[in-house]
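S.K.: Have a look at this one before I ask anything.
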Amino acid sequence: MLLHFIHSSLGGVVRAVIGLLHSDLHQRGTVGSICHLATSVITVAPGTRGLGAFAKITRRTKSGKLMQDEEIFSINEDLTVTIQSKRSHPGSTPMNTDESEVDPTANLTFNLRLSDTQREAKEKLPLPFVFSKEKKSALLHPGTGSGRILYEPDANDDYDQEDPDDDLDV
């Protein structure tokens with residue numbers, strides 16, 4: 001109703017709604033739902049060692065990717081905001097590639113690595129619904145056939161509806 005009132009009284013288009021939510025006054029589920037619906041969330045907390053305040057900015061792009069920034073700022077006596085430092089998280093700027101990569105399979109109780117013979121056997125294994133070129137062309141472009149239906153009866157075809165448990169000898 002508030003958006004309708006703003007739209008009718010101002011006669012314009014509502015492009016954005018900015019709200020203030022005190023997370024300590026609401027249940028965690030309510031705060032989480034509102035944060036999930038929002039395209040941008042700014043979480044403000046007191047800074048460490050009395051140096052200004054800390055802001056964590058989370059933005060969701062149109063593609064759904066999350067971008068996070070962290071800033072330490074202070075508010076001066078004339079109510080101007082001074083940004084003291086800005087840190088960007090992965091996703092905003094590229095990461096440092098000099099760090100050594102950690103193997104996630106190193107400390108497992110089971111083996112995820114394949115030997116060369118196992119890898120060759122895996123590569124030779126035919127996958128379901130992956131057809132060779134000959135079979136694919138035969139399925140897509142059937143030749144002139146007689147249209148016969150080949151049927152091979154199996155054990156389930158001997159089912160008698162009048163004797164479902166097959167205990168009557170007639």
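The values are calculated or read from the model by the stated rules, or taken from the named source; none is laboratory data. Note that the structure is predicted; figures quoted are calculated from it, not measured. Ideal geometry is used to build each Cβ from the backbone, glycine not excepted, and the neighbour counts take in all protein chains shown.
S.K.: Go through (1) at pLDDT below 85; (2) exposed (fewer than 10 other Cβ atoms within 10 Å of the Cβ) and name the single condition residue 93 misses.
M.R.: So residue 93 meets the others, but not (2).
S.K.: Counting just the residues of region 59-80 that are within 16 Å of the chain's Cα centre (by Cα) and in contact (Cβ under 8 Å) with a residue 24 or more places away in the chain, which one comes out farthest from residue 18 (Cα to Cα)?
M.R.: The qualifying residue farthest from residue 18 (Cα to Cα) is 65.
S.K.: Could you tell me which numbered condition residue 156 fails, if it satisfies all but one of (1) modelled with pLDDT of 75 or more; (2) of a type outside the set (D, E, K, R); (3) farther than 30 Å from residue 42 by Cα?
M.R.: Just one mismatch for residue 156, condition (1).
S.K.: Sticking with this one: Can you confirm whether residue 99 is modelled with pLDDT under 85, closer than 30 Å to residue 45 by Cβ and either in contact with a strand residue (DSSP E or B) (Cβ under 8 Å, 6 or more places away or on another chain) or assigned to a loop (DSSP other than H, G, I, E, B) (or both)?
M.R.: Against the criterion (modelled with pLDDT under 85, closer than 30 Å to residue 45 by Cβ and either in contact with a strand residue (DSSP E or B) (Cβ under 8 Å, 6 or more places away or on another chain) or assigned to a loop (DSSP other than H, G, I, E, B) (or both)), residue 99 qualifies.
S.K.: Quick one: in region 1-31, of everything that is surrounded by 12 or more Cβ atoms within 10 Å (Cβ to Cβ) and within 24 Å of residue 69 (Cβ to Cβ), which residue is modelled with the lowest pLDDT?
M.R.: Here the answer is 23.
S.K.: Residues being modelled with pLDDT under 85 and touching a helix residue (DSSP H, G or I) at 6+ places or on another chain (Cβ under 9 Å): count how many of those fall in region 103-141.
M.R.: Total meeting the criteria: 1.
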